[in-house]
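Asks: Following this message is one structure expressed as structure tokens.
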Amino acid sequence: MSVSELFDSSSATSPQPESITIRRPDDWHVHVRDGEMMKAVLPFTVAQFARGIIMPNLTPPVTTVEAAYRERILAALPEGADFTPLMTCYLTDHTDPDEIERGYRDGVWLAAKLYPAGATTNAHFGVTDIPALAPVFERMEKIGMAVLVHGEAVDPEVDIFDREQVFMEESLLPLLKRHPGLKVVIEHATTMETLDIVREHQARAACTITAHHLVINRTSIFQGGLRPHLYCLPVAKREKHRLALRKAATSGDSCFMLGTDTAPHPRRNKQAECCSAGIFSGATALQTYVQVFDEEGALGKFEAFASLNGARFHGLEPNAGTITLVKKPSMALASVPVDGEDVVVFQGGQLLPWSIAAE
Ligand code: NCD
Ligand code: ZN
């Protein structure tokens with residue numbers, strides 16, 4: 001591995017801050033949106049990551065083999081940016097296995113995203129009957145295409161903090177059983193039970209872990225009052241789950257990979273009577289992740305989590321080039337202006353102990 005760690009020099013005149021250089025990382029779960037929002041948030045993801053799996057939950061969602069959304073992303077890239085958007089297809093009750101295979105073979109889609117209908121933002125076109133989609137999963141099994149799963153039960157009667165666990169028991173484990181060759185990524189894992197399921201099936205299953213779920217627990221959302229900017233789906237769980245997520249992410253195990261789930265919403269939609277789910281971590285994700293690895297004494301495992309495990313799972317080469325993170329405090333941007341409004345940044349306005357080194 002090409003990890004290099006330089007520790008504080010004892011020189012009194014010019015102390016070298018601690019730093020870490022890793023292969024350029026990838027974000028395996030990112031919402032870059034569209035239009036003005038995309039123009040505003042994309043540069044932050046591009047500054048941190050070489051590739052990103054672009055979530056297809058637009059309105060209407062991306063369900064047909066066409067390159068239009070990818071082209072809009074490429075057109076919105078800042079001048080000289082080196083970033084590859086990896087596209088996904090949004091599964092619905094009407095997805096056609098032939099269309100899926102065509103999009104995969106033509107290189108239009110890397111994977112397909114499964115949203116249980118109504119589970120989260122723009123998921124109302126999602127799948128209402130997962131077993132009924134067997135022909136699609138059989139085809140994906142055959143061609144080696146991965147399904148990326150938003151793993152939450154949608155029954156409004158189910159307690160919101162139990163929705164991931166109920167989905168795993170009622171839907172995910174049966175899906176794994178019915179399709180033993182299907183490659184599955186459980187997105188934004190939030191519970192210790194989910195992590196165990198991933199470990200048990202790691203020959204063909206993996207999960208993404210967000211930066212915010214490594215930092216906040218469910219109490220954070222209510223700290224001193226209601227904190228709308230810490231509300232996302234799946235909602236943060238108890239402290240024991242946060243600790244389990246930190247242990248998994250920093251273990252170096254190949255089934256755990258970086259996925260920010262950066263999900264910007266205008267402030268107006270967050271500080272609202274009914275707050276939209278989503279945390280915008282695009283501007284502070286890497287600084288947050290590396291801080292967690294540092295706190296856990298696991299900087300040596302950071303490259304595996306951020307730059308190697310996901311590429312291996314998806315059968316891609318790791319990126320050429322490197323990025324350096326320095327243990328030098330930097331003030332996080334408080335918010336990003338978009339079209340006369342703004343989007344609040346996760347940990348925005350705070351002094352973060354780590355910074356991205358200028359190239
Ligand atoms: C995401 C969004 O806003 O698109 N929101 C979220 O809370 N994570 C959707 C999602 O990934 O659930
Ligand atoms: Zn998401």
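The values are calculated or read from the model by the stated rules, or taken from the named source; none is laboratory data. What you see is a predicted model, and the numbers here were worked out from it, not measured in a lab. No Cβ is skipped: glycine too gets one built from the backbone with ideal geometry, and neighbour counts run over all protein chains shown. Note: accessible area is taken over every heavy atom of the protein model, side chains too, but ligands, DNA and RNA are not part of it. Shrake-Rupley method; radii C 1.70, N 1.55, O 1.52, S 1.80 Å.
Asks: Please count how many residues of segment 279-320 are of a type in the set (D, E, K, R) and either touching a Gly at 6+ places or on another chain (Cβ under 8 Å) or within 29 Å of Pro337 (Cβ to Cβ) (or both).
Replies: Matching residues across segment 279-320 total 1.
Asks: Kindly indicate the residue of segment 257-276 that is under 14 Å from the mean Cα position of the chain (by Cα) and assigned to a loop (DSSP other than H, G, I, E, B) and also nearest to Ala304 (Cα to Cα) among those meeting that condition.
Replies: Gly259
Asks: Name the helices (runs of 4 or more DSSP H) wholly inside segment 19-135 in which the number of residues that are open to solvent by 50 Å² or more (accessible area, probe 1.4 Å) and closer than 23 Å to His265 by Cα is 1 or more.
Replies: Filter on segment 19-135 gives 35-48, 68-76.
Asks: Could you list, in sequence order, all residues of segment 277-289 that are buried (at least 24 other Cβ atoms within 10 Å of the Cβ) and in a loop (DSSP other than H, G, I, E, B)?
Replies: Correct list: Phe280, Ser281, Gly282, Ala283, Thr284.
Asks: I've got another one for you. What are the residue pairs meeting all of these: first residue in segment 43-56, first residue touching a residue at least 12 places away in the same chain (Cβ under 8 Å) and among the aromatic types (Phe, Trp, Tyr), second residue open to solvent by less than 10 Å² (accessible area, probe 1.4 Å) and within 16 Å of ligand 2 (Cβ to nearest atom), Cβ atoms under 7 Å, and 6 or more apart or on different chains?
Replies: Going by the 7 Å Cβ cut-off, the qualifying pairs are Phe44/Gly282; Phe49/Asp26; Phe49/Asp27.
Asks: How many residues does segment 253-276 contain that are over 18 Å from Ile221 (Cβ atoms) and either among the basic types (Lys, Arg) or open to solvent by 20 Å² or more (accessible area, probe 1.4 Å) (or both)?
Replies: Counting residues in segment 253-276 that are over 18 Å from Ile221 (Cβ atoms) and either among the basic types (Lys, Arg) or open to solvent by 20 Å² or more (accessible area, probe 1.4 Å) (or both) gives 4.
Asks: Of everything in segment 298-325, what is acidic (Asp, Glu) and surrounded by fewer than 21 Cβ atoms within 10 Å (Cβ to Cβ)? Give them in sequence order.
Replies: Glu317
Asks: Quickly run through segment 151-184 and pick out the residues that are under 18 Å from Val235 (Cβ atoms), in contact (Cβ under 8 Å) with a residue 40 or more places away in the chain and either within 16 Å of ligand 2 (Cβ to nearest atom) or among the aliphatic types (A, V, I, L, M) (or both).
Replies: Across segment 151-184, the qualifying residues are Gly151, Glu152, Ile160, Arg163, Glu164, Phe167.
Asks: List, please: which pairs have Cβ atoms under 7 Å, are six or more places apart or on different chains, and start with a residue in segment 337-359 that is on the phi > 0 side of the Ramachandran plot and end with one that is open to solvent by 30 Å² or more (accessible area, probe 1.4 Å) and not aromatic (Phe, Trp, Tyr)?
Replies: Asp339/Glu36; Gly349/Ala334
Asks: When both residues are 6+ apart or on different chains and their Cβ atoms are under 6 Å apart, which pairs have a first residue that lies in segment 58-70 and is farther than 18 Å from Asp96 by Cα, and a second that is charged (D, E, K, R)?
Replies: Leu58/Asp34
Asks: Go through segment 194-225 and count every residue that is in a loop (DSSP other than H, G, I, E, B), among the hydrophobic types (A, V, I, L, M, F, W, C) and open to solvent by 10 Å² or more (accessible area, probe 1.4 Å).
Replies: Count: 2.
Asks: Quick one: which of Val344, Val292 is open to solvent by less than 20 Å² (accessible area, probe 1.4 Å) and touching a helix residue (DSSP H, G or I) at 6+ places or on another chain (Cβ under 9 Å)?
Replies: Val292
Asks: Whether any residue in segment 334-352 is of a type outside the set (Phe, Trp, Tyr) and touching a His at 6+ places or on another chain (Cβ under 6 Å) is what I want to check.
Replies: Yes: segment 334-352 contains one or more residues that are of a type outside the set (Phe, Trp, Tyr) and touching a His at 6+ places or on another chain (Cβ under 6 Å).
Asks: So which residues in segment 199-213 are more than 14 Å from ligand 1 (Cβ to nearest atom) and in contact with an Asp or Glu (Cβ under 9 Å, 6 or more places away or on another chain)?
Replies: Arg199, Gln202
Asks: Another question about this same structure. Going through segment 118-134 one residue at a time, which ones are within 13 Å of ligand 1 (Cβ to nearest atom) and small (Gly, Ala, Ser)?
Replies: Passing the criteria: Gly118, Ala119, Ala123, Gly126.
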